[in-house]
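Novice: The structure's right below; bear with me while I get my questions together.
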2 protein chains.
Amino acid sequence: MVAESEPNTGVLMFLPYRALENRVFAALAEAGFDDFTPAQARVMQRIGPDGTRLTELAEQAQITKQTAGFLVDQLEKAGYVTRVPDPSDRRARLVRGAAKAWAAKEVADAVVAQVEREWEEHLGRRRMRQLREALTLLREITDPWA
Amino acid sequence: MVAESEPNTGVLMFLPYRALENRVFAALAEAGFDDFTPAQARVMQRIGPDGTRLTELAEQAQITKQTAGFLVDQLEKAGYVTRVPDPSDRRARLVRGAAKAWAAKEVADAVVAQVEREWEEHLGRRRMRQLREALTLLREITDPWA
DNA sequence: TGACATTGGTCAGATTCCCTGACTACTTTG
DNA sequence: CAAAGTAGTCAGGGAATCTGACCAATGTCA
């Protein structure tokens with residue numbers, strides 16, 4: 001567990017990911033969306049257009065459902081999400097994004113697009129396409145929810 | 001901040017990264033290295049062959065030096081690292097990996113190599129090479145310590 | 001149909017991680 | 001040498017996360 005001269009492929013992926021996340025968070029904070037935390041955002045990201053169950057959010061974020069519940073409570077208090085009954089299962093409720101969440105998403109999406117343009121500029125169009133192609137393929141064997 | 005059908009490049013990078021990290025942790029735990037946490041591991045990863053200062057570890061892990069100090073305390077208690085005076089600066093101490101850390105690193109490296117082989121098998125040699133090439137280039141504009 | 005297992009979610013309590021602010025000791029710089 | 005900067009610690013607190021126990025609704029199958 002000591003730094004090596006040639007980082008493994010995993011580390012090489014983590015670096016740009018973290019850089020992007022940092023940029024998105026900075027932009028959100030600057031736009032006034034400073035009342036949620038990274039952990040809350042990671043849950044919010046996974047809410048589907050029609051709402052998503054707590055258990056599913058927990059699985060995808062790789063946290064316990066208790067933790068997910070705790071984070072959703074806070075998001076609800078801050079006005080980013082609402083909880084509605086799941087019509088198909090009386091035990092369950094769906095976590096839905098509220099207007100405030102869509103507004104934040106717009107800001108986030110714009111930053112992501114900007115950063116991806118910067119990356120493409122640095123790599124060239126061809127390499128950027130190859131990168132996305134390889135990553136998309138890799139998803140098949142690394143994303144349990146692909 | 002809601003899930004989209006076409007994940008952005010950052011998310012596409014995070015997925016394999018997390019899959020790899022999970023595999024490494026599982027293997028370490030199975031090999032008996034279950035007495036450290038992910039946060040401690042992220043600090044330990046950044047220790048150089050000749051030792052590294054606390055402040056430098058903190059910067060690279062993007063945590064405060066107080067937090068880094070806390071994590072190094074625990075690693076020291078668990079026998080993974082030692083602290084020795086820095087000969088070039090009497091204020092500073094170098095955090096050094098102990099034998100136990102090298103042993104864990106061997107296990108981790110083996111798993112990383114195995115997972116990379118699986119990735120290469122899935123992508124084909126050419127695409128794997130393109131992937132690493134693009135990621136290495138991207139590091140230039142996303143890694144402050146490149 | 002009725003017992004049993006499964007699934008969605010909550011409550012309670014503890015631990016870990018990480019931060020800000022304030023401080024000491026040493027080093028660098030003008 | 002005085003001032004400013006750097007390495008690290010101490011104190012206190014908040015956020016994220018876990019385990020274990022539990023309840024209610026659903027699914028399964030003899």
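The values are calculated or read from the model by the stated rules, or taken from the named source; none is laboratory data. Nothing here was measured: the structure is a model prediction, and the numbers come from that model. Backbone-built Cβ (ideal geometry, glycine too); neighbour counts: all protein chains shown. Heavy atoms of the whole protein, side chains included, go into the accessibility calculation; ligands, DNA and RNA do not. Shrake-Rupley method; radii C 1.70, N 1.55, O 1.52, S 1.80 Å.
Novice: Is it true that A:Arg91 is facing another protein chain (nearest Cβ under 10 Å) and out of contact with any Ser or Thr (no Cβ under 9 Å at 6 or more places or on another chain)? Before you say what the answer is, go through the steps one by one.
Specialist: On the way: facing another protein chain (nearest Cβ under 10 Å): no; out of contact with any Ser or Thr (no Cβ under 9 Å at 6 or more places or on another chain): yes.
No.
Novice: A follow-up question, please. For the stretch A:9-18, state whether one or more residues are within 8 Å of chain B (Cβ to nearest Cβ) and small (Gly, Ala, Ser).
Specialist: Looking for residues that are within 8 Å of chain B (Cβ to nearest Cβ) and small (Gly, Ala, Ser), one finds at least one in the stretch A:9-18, hence yes.
Novice: Something else: Filter the stretch B:70-84 down to the residues that are more than 9 Å from DNA strand D (Cβ to nearest atom) and open to solvent by 20 Å² or more (accessible area, probe 1.4 Å) and list them by number. Steps first, please.
Specialist: Here is the first cut: in the stretch B:70-84, the ones more than 9 Å from DNA strand D (Cβ to nearest atom) are B:71, B:74-82, B:84.
Result: B:Gln74, B:Glu76, B:Lys77, B:Ala78, B:Gly79, B:Thr82, B:Val84.
Novice: Being buried (at least 19 other Cβ atoms within 10 Å of the Cβ), away from chain B (no Cβ under 11 Å) and on the phi < 0 side of the Ramachandran plot: is that true of A:Leu123 here? Don't jump to the end; show me each part of the working.
Specialist: Values: buried (at least 19 other Cβ atoms within 10 Å of the Cβ): yes; away from chain B (no Cβ under 11 Å): no; on the phi < 0 side of the Ramachandran plot: yes.
So A:Leu123 does not fit the description; no.
Novice: If you don't mind, another one. Do we find a residue being more than 10 Å from every other protein chain (Cβ to nearest Cβ), surrounded by fewer than 17 Cβ atoms within 10 Å (Cβ to Cβ), modelled with pLDDT under 95 and closer than 17 Å to B:Arg18 by Cα anywhere in the stretch A:20-28? Talk me through it step by step, then tell me what you get.
Specialist: Step one: list which residues in the stretch A:20-28 are more than 10 Å from every other protein chain (Cβ to nearest Cβ), which gives A:25-27.
Checking which are surrounded by fewer than 17 Cβ atoms within 10 Å (Cβ to Cβ) leaves us with A:26.
With modelled with pLDDT under 95 added as a condition, the list becomes A:26.
Next, from what is left, pick out any that are closer than 17 Å to B:Arg18 by Cα: none.
No, the conditions are met nowhere in the stretch A:20-28.
Novice: May I pose another question? Somewhere in the stretch B:49-69, is a residue away from DNA strand D (no atom under 16 Å from the Cβ), free of Cβ contacts under 8 Å to residues at least 60 places away in the same chain and within 11 Å of chain A (Cβ to nearest Cβ)? Full working, then the answer.
Specialist: Looking only at the stretch B:49-69, we keep the residues that are away from DNA strand D (no atom under 16 Å from the Cβ), and these are B:49.
Checking the rest, the ones that are also free of Cβ contacts under 8 Å to residues at least 60 places away in the same chain come to B:49.
Applying the additional criterion that residues be within 11 Å of chain A (Cβ to nearest Cβ) yields B:49.
Checked the stretch B:49-69: at least one residue is away from DNA strand D (no atom under 16 Å from the Cβ), free of Cβ contacts under 8 Å to residues at least 60 places away in the same chain and within 11 Å of chain A (Cβ to nearest Cβ).
Novice: Give the residue, chosen from B:Ala92, B:Ala103, B:Ala110, B:Ala68, that is near DNA strand C (Cβ under 9 Å from one of its atoms), among the small types (Gly, Ala, Ser) and more than 26 Å from B:Thr142 (Cα to Cα). Give the steps one after another, and end with the answer.
Specialist: On the way: B:Ala103 fails: near DNA strand C (Cβ under 9 Å from one of its atoms); B:Ala110 fails: near DNA strand C (Cβ under 9 Å from one of its atoms); B:Ala68 fails: more than 26 Å from B:Thr142 (Cα to Cα).
Selected residue: B:Ala92, the only one of B:Ala92, B:Ala103, B:Ala110, B:Ala68 that is near DNA strand C (Cβ under 9 Å from one of its atoms), among the small types (Gly, Ala, Ser) and more than 26 Å from B:Thr142 (Cα to Cα).
Novice: When you check B:Val95 against the structure, is it under 20 Å from B:Arg42 (Cα atoms), buried (at least 17 other Cβ atoms within 10 Å of the Cβ) and in contact (Cβ under 8 Å) with a residue 60 or more places away in the chain, yes or no? Write out each step before concluding.
Specialist: Numbers: under 20 Å from B:Arg42 (Cα atoms): yes; buried (at least 17 other Cβ atoms within 10 Å of the Cβ): yes; in contact (Cβ under 8 Å) with a residue 60 or more places away in the chain: no.
For B:Val95, the condition - under 20 Å from B:Arg42 (Cα atoms), buried (at least 17 other Cβ atoms within 10 Å of the Cβ) and in contact (Cβ under 8 Å) with a residue 60 or more places away in the chain - is not met.
Novice: Suppose we keep only residues that are open to solvent by less than 70 Å² (accessible area, probe 1.4 Å), at negative phi and not hydrophobic (A, V, I, L, M, F, W, C) within the stretch A:46-63. Which one would you say is nearest to DNA strand C (Cβ to nearest atom)?
Specialist: The residue in question is A:Thr52.
Novice: From the set of residues in the stretch A:30-42 that are away from DNA strand C (no atom under 12 Å from the Cβ) and over 23 Å from A:Leu135 (Cβ atoms), which is farthest from the other protein chains (Cβ to nearest Cβ)? Steps first, answer last, please.
Specialist: Keep residues of the stretch A:30-42 that are away from DNA strand C (no atom under 12 Å from the Cβ), which gives A:30-36, A:40-42.
Right, trim to over 23 Å from A:Leu135 (Cβ atoms) and you get A:30-36, A:40.
Working: A:Glu30: 16, A:Ala31: 12, A:Gly32: 14, A:Phe33: 9, A:Asp34: 14, A:Asp35: 13, A:Phe36: 9, A:Gln40: 9 Å.
Filtering the stretch A:30-42 for residues that are away from DNA strand C (no atom under 12 Å from the Cβ) and over 23 Å from A:Leu135 (Cβ atoms), the one farthest from the other protein chains (Cβ to nearest Cβ) comes out as A:Glu30.
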